[in-house]
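J.: Structure in structure tokens, see below.
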Amino acid sequence: MRNLFAGITITDNLTIAKIDGIKDTNREFSRFMKISAPNGVFSLNYRFLEEGTHQVIFNVHSGNFSLALASFSVFVQPVV
């Protein structure tokens, strides 16, 4: 498929984050939109700034049609 794009949302530490709809009122999540995803393949370099459990939510879409939606958790350990 051509013209595929990904949208990614990464929450800050889920143990303290409270997401308020789409608004990022307290910098509680990071959102990346329209990442080019030729053939459904994409990547994102991201640095987690605090330890804890973070959630990554991504959506692959073509035009106005969503083709895939997924979510997974990432546990970040403290640097010693």
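J.: Pairs under 7 Å by beta carbon, first residue of a type in the set (D, E, K, R) in the range 32-45, partner not in a loop (DSSP other than H, G, I, E, B), six or more apart or different chains?
T.: That search, which allows pairs on different chains as well, returns Lys34/Phe5.
J.: Within the range 1-13, restricting attention to residues that are buried (at least 17 other Cβ atoms within 10 Å of the Cβ) and over 17 Å from Ser43 (Cα atoms), which residue is modelled with the highest pLDDT?
T.: Ranking the candidates gives Thr11 first.
J.: Right, something else. Condition first: at pLDDT 85 or above, more than 13 Å from the chain's Cα centre (by Cα) and small (Gly, Ala, Ser). Now tell me which residues in the range 22-47 satisfy that.
T.: Ser36, Ala37
J.: Taking the range 36-71, which residues are out of contact with any Asp or Glu (no Cβ under 7 Å at 6 or more places or on another chain) and acidic (Asp, Glu)?
T.: Start the filter on the range 36-71 by keeping residues that are out of contact with any Asp or Glu (no Cβ under 7 Å at 6 or more places or on another chain), which leaves 36-49, 51-53, 55-71.
If the condition is that a residue be out of contact with any Asp or Glu (no Cβ under 7 Å at 6 or more places or on another chain) and acidic (Asp, Glu), then Glu51 is the only one that fits.
J.: Separate question: Which one is surrounded by the fewest Cβ atoms within 10 Å (Cβ to Cβ), of the residues in the range 26-47 that are of a type in the set (Phe, Trp, Tyr) and not in a loop (DSSP other than H, G, I, E, B)?
T.: It comes out as Phe32.
J.: Still on this structure: Mind listing just one residue for me: the one in the range 64-74 that is surrounded by 10 or more Cβ atoms within 10 Å (Cβ to Cβ) and of a type outside the set (S, T, N, Q) and, of those, farthest from Gly7 (Cα to Cα)?
T.: Val74
J.: Something else: Please determine, by comparing only the residues of the range 42-80 that are touching a strand residue (DSSP E or B) at 6+ places or on another chain (Cβ under 9 Å) and of a type in the set (Val, Ile, Thr), which one is farthest from Thr11 (Cα to Cα).
T.: Result: Val60.
J.: All but one of (1) of a type in the set (A, V, I, L, M); (2) at pLDDT 90 or above; (3) over 13 Å from Ile57 (Cα atoms) hold for Ile16; which doesn't?
T.: It fails just one condition, (2).
J.: Please indicate, with yes or no, whether at least one residue in the range 48-63 is loosely packed, with under 12 Cβ neighbours inside 10 Å and at pLDDT 85 or above. Working first, answer last.
T.: So the first thing to find is which residues in the range 48-63 are loosely packed, with under 12 Cβ neighbours inside 10 Å, and the list is 49-50, 63.
Okay, now just the ones that are also at pLDDT 85 or above, so none.
No, there is no match, as no residue in the range 48-63 is loosely packed, with under 12 Cβ neighbours inside 10 Å and at pLDDT 85 or above.
The values are calculated or read from the model by the stated rules, or taken from the named source; none is laboratory data. It should be emphasised that the depicted structure is a prediction, and the values quoted were computed from it without experimental measurement. Don't worry about glycine lacking a Cβ; one is built from the backbone with ideal geometry, like all the others, and counts go over all protein chains shown.
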